[in-house]
Amino acid sequence: MVLNDIFKFYEDELLQKEITDTISFGELMAGETKSLTLYIKNVSNAIARDLVFEAVPVIVKQNQMIEVIATGEKVKILKSPERLDPTEVAIVELEWTARIDLRQALEAKLTITGNAVYKSRL
């Protein structure tokens, strides 16, 4: 089950710069590798577990996202949580190496799948 709606992503550890769209890798030279650290917060009252993160590379042209999976671009997930309790914050680390022939800025769309467990009060 896709669980993106129970999380918020942030650029900073203080959770002040929310990421509401794609994740930008900023400026990269061809062949350069860049790592990003993001902060994810569970904003629901569910326990999120068995989490699997996928970062799909996209190019944004004229406000439209174009997936670039076919070009062989890969964004690696270096670190991600397998479980997040309500209000818990964790680190997600991503890495991308710019292909020599890619002449566009790359962004990524992050998708999280897993299970949401809601506990009843007894």
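The values are calculated or read from the model by the stated rules, or taken from the named source; none is laboratory data. The shown structure was predicted, so the numbers you read here are calculated from the model rather than taken from an experiment. Here the Cβ is made from the backbone with ideal geometry for all residues, glycine too, and neighbour counts use every protein chain on show. These accessible areas exclude ligands, DNA and RNA; they are computed on the full protein's heavy atoms, side chains included. Shrake-Rupley method; radii C 1.70, N 1.55, O 1.52, S 1.80 Å.
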Expected output for the stretch 105-120 (first residue open to solvent by 50 Å² or more (accessible area, probe 1.4 Å), partner part of a loop (DSSP other than H, G, I, E, B) and of a type in the set (Phe, Trp, Tyr), Cβ below 8 Å, 6+ apart or cross-chain) is Ala105/Phe25
Test: residue in the stretch 3-14 that is open to solvent by 30 Å² or more (accessible area, probe 1.4 Å), more than 19 Å from Lys79 (Cβ to Cβ) and in contact (Cβ under 8 Å) with a residue 60 or more places away in the chain:
no
A careful count of residues in the stretch 33-45 that are among the aliphatic types (A, V, I, L, M) and either open to solvent by 20 Å² or more (accessible area, probe 1.4 Å) or in contact with a helix residue (DSSP H, G or I) (Cβ under 6 Å, 6 or more places away or on another chain) (or both) gives 2
Counting only residues in the stretch 90-104 that are loosely packed, with under 15 Cβ neighbours inside 10 Å and at pLDDT 95 or above, the one nearest to Lys34 (Cα to Cα) is identified as Glu93
